[in-house]
Amino acid sequence: MKRRVVVTGMGAVTPIGNTVEEFWNNVKAGTVGIQEITKFDTTDYKVKLAGEVKGFVAKECMDFKSAKRMEPFSQYAVAAAKEAFEQAEIDMQREDPFRIGVIIGSGIGSLQVAEREYEKILTKGSARMNPLMVPMMISNMAAGNVAIQLGLKGKCTSVTTACATGTHSIGDALRAIQYGDADIMLAGGTESAICPLSVAGFSSLTALTTATDPKRASIPFDKDRSGFVIGEGAGIVVLEELEHAKKRGAKIYAELVGYGATCDAYHITAPAEDGSGAAKAMELALTDANVHPEDIDYINAHGTSTHHNDLVETRAIKSVLKDAAKDVVVNSTKSMTGHLLGAAGGVEFIVCVKSIEEGFIHQTMGLQTPDNECDLNYTIGAPIEKPVHCVLTNSLGFGGHNATLCIKEYLE
């Protein structure tokens with residue numbers, strides 16, 4: 001039998017809060033963290049808005065020397081991982097470090113260091129290159145830095161599946177524990193790519209909205225949606241084998257019971273029109289969890305505010321849940337944070353756990369008039385307070401990557 005896996009810690013750095021408590025309080029308040037970009041001059045850019053992390057000071061989360069050798073995506077991951085680790089109250093003096101692993105991914109890594117160092121080549125010559133450029137840039141370094149900071153010597157890998165990165169990371173960590181590779185895993189995603197190269201690149205794909213009203217920029221499922229708002233942050237969780245958690249008296253927040261992963265094998269940026277890839281990921285997660293469509297109370301949708309994603313995801317949900325789709329509550333956290341890319345799945349997983357814990361499903365902010373084909377209950381106008389026992393969370397990434405997790409209220 002597969003070992004049961006529970007959530008015993010969570011950590012977050014987001015555009016609406018740099019701890020889980022601050023983030024969740026702002027989620028409940030319906031705070032929109034989208035503002036004008038401050039990280040670079042957008043005068044010559046059509047895109048003006050982003051979901052930037054605010055007030056984050058790396059040296060408050062780690063020593064100054066370590067912080068200086070990390071790019072923001074790694075700093076965010078370390079900060080969120082430390083919060084999750086502390087919440088889980090893991091005592092490394094009592095643990096085998098080779099039984100605790102890390103799977104933390106980033107969709108992009110650091111484009112900023114590439115921008116800076118290439119400018120040096122052009123203006124000062126290649127001899128002036130920062131010798132740490134490569135380890136600061138590559139996306140696996142978030143996982144590596146977390147492992148170094150916390151002394152974790154078990155399985156340490158990094159998933160890179162664009163916007164599905166965080167969800168795949170948590171799913172792969174689930175499997176690592178279920179099949180005995182580890183007793184505890186830190187898992188999730190991190191991202192910090194609000195920079196000229198990234199914004200220009202996504203803009204040339206016509207993926208980003210050019211809206212200038214922060215309250216009407218990231219509006220998933222709305223008939224007037226026009227693209228996503230780029231965001232940044234990290235969401236990291238501690239997953240733990242149930243008996244291990246019980247033995248050390250850990251607080252259990254929820255149980256992770258299902259994981260599904262598929263590929264559309266269709267197009268490098270567009271999802272399959274019929275939603276079959278996303279639907280299959282949800283179906284696999286339900287089967288893995290041994291739950292039925294009518295058991296699902298809530299779906300935290302990928303909900304990017306792009307035309308194709310929201311339409312296709314709606315089709316996928318209806319395809320899988322069938323008659324139960326009319327009763328399920330759906331929302332998109334990206335309406336408040338923007339799209340955190342590789343970090344989105346980790347942060348949205350935390351929202352699912354908190355929704356189970358508190359019986360609170362947040363409003364999809366900014367959504368006023370759903371598109372004609374977007375005809376589910378998207379939590380419009382106000383949050384919903386009701387018992388939440390079983391949820392799905394979806395992530396869909398460029399390249400056709402689909403990932404779904406099923407999380408349940410923990411019961412003995």
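The requirement of being open to solvent by 30 Å² or more (accessible area, probe 1.4 Å), farther than 18 Å from residue 365 by Cα, of a type outside the set (Ser, Thr, Tyr) and not in a loop (DSSP other than H, G, I, E, B) is fulfilled somewhere in the range 305-315, by at least one residue.
Is it true that residue 332 is touching a residue at least 24 places away in the same chain (Cβ under 8 Å), open to solvent by 40 Å² or more (accessible area, probe 1.4 Å) and of a type in the set (Ser, Thr, Tyr)?
Numbers: touching a residue at least 24 places away in the same chain (Cβ under 8 Å): yes; open to solvent by 40 Å² or more (accessible area, probe 1.4 Å): no; of a type in the set (Ser, Thr, Tyr): yes.
So residue 332 does not fit the description; no.
Annotation: of all residues in the range 175-217 being without any contact (Cβ under 8 Å) to a residue 12 or more places away in the chain and in a helix (DSSP H, G or I), the one that is surrounded by the fewest Cβ atoms within 10 Å (Cβ to Cβ) is 204. Remark: pairs (first residue in the range 358-375, outside any loop (DSSP other than H, G, I, E, B); second residue aliphatic (A, V, I, L, M) and open to solvent by less than 30 Å² (accessible area, probe 1.4 Å); Cβ separation under 7 Å; 6+ apart in sequence or on different chains) = 361/329; 361/388.
Does residue 260 satisfy the criteria of being open to solvent by less than 20 Å² (accessible area, probe 1.4 Å), on the phi > 0 side of the Ramachandran plot, touching a residue at least 12 places away in the same chain (Cβ under 8 Å) and not aliphatic (A, V, I, L, M)?
Numbers: open to solvent by less than 20 Å² (accessible area, probe 1.4 Å): yes; on the phi > 0 side of the Ramachandran plot: no; touching a residue at least 12 places away in the same chain (Cβ under 8 Å): yes; not aliphatic (A, V, I, L, M): yes.
No.
Looking at 17, 30, can you tell me which residue is at positive phi, more than 18 Å from the chain's Cα centre (by Cα) and surrounded by fewer than 24 Cβ atoms within 10 Å (Cβ to Cβ)?
On the way: 17 fails: more than 18 Å from the chain's Cα centre (by Cα).
Of 17, 30, the one residue that is at positive phi, more than 18 Å from the chain's Cα centre (by Cα) and surrounded by fewer than 24 Cβ atoms within 10 Å (Cβ to Cβ) is 30.
Between 79, 88, the distinction of being hydrophobic (A, V, I, L, M, F, W, C) and either open to solvent by 10 Å² or more (accessible area, probe 1.4 Å) or over 20 Å from residue 350 (Cα atoms) (or both) belongs to 79 only. Pairs are defined by a Cβ separation below 9 Å, a sequence spacing of at least 6 or placement on different chains, a first member in the range 9-25 that is within 17 Å of residue 231 (Cα to Cα) and free of Cβ contacts under 8 Å to residues at least 40 places away in the same chain, and a second member that is open to solvent by less than 10 Å² (accessible area, probe 1.4 Å) and part of a helix (DSSP H, G or I); the pairs so defined are 17/23; 17/24; 17/27. Does residue 46 count as assigned to a helix (DSSP H, G or I), in contact with a helix residue (DSSP H, G or I) (Cβ under 7 Å, 6 or more places away or on another chain) and at pLDDT 95 or above? Against the criterion (assigned to a helix (DSSP H, G or I), in contact with a helix residue (DSSP H, G or I) (Cβ under 7 Å, 6 or more places away or on another chain) and at pLDDT 95 or above), residue 46 does not qualify.
Within the range 287-303, the set of residues being open to solvent by 10 Å² or more (accessible area, probe 1.4 Å) and either touching a Pro at 6+ places or on another chain (Cβ under 8 Å) or among the polar types (S, T, N, Q) (or both) comprises 287, 290, 297.
Is one or more of the residues making up the range 98-119 more than 16 Å from residue 196 (Cα to Cα), modelled with pLDDT of 95 or more and part of a helix (DSSP H, G or I)? Outline the logic, then answer.
Of the residues in the range 98-119, the ones more than 16 Å from residue 196 (Cα to Cα) are 98-107.
Now narrow it down to the ones that are modelled with pLDDT of 95 or more: 98-107.
Then keep just the ones that are part of a helix (DSSP H, G or I); that gives 98-99.
Yes, the conditions are met somewhere in the range 98-119.
Given the structure, is residue 115 open to solvent by 50 Å² or more (accessible area, probe 1.4 Å) and either in contact (Cβ under 8 Å) with a residue 60 or more places away in the chain or of a type in the set (Val, Ile, Thr) (or both)? Yes: the conditions hold for residue 115.
The values are calculated or read from the model by the stated rules, or taken from the named source; none is laboratory data. Small disclaimer: the values here were computed from a predicted structure and weren't measured. Ideal geometry is used to build each Cβ from the backbone, glycine not excepted, and the neighbour counts take in all protein chains shown. Quick note on the areas: whole protein, heavy atoms, side chains included, nothing else; ligands and nucleic acids left out. Shrake-Rupley method; radii C 1.70, N 1.55, O 1.52, S 1.80 Å.
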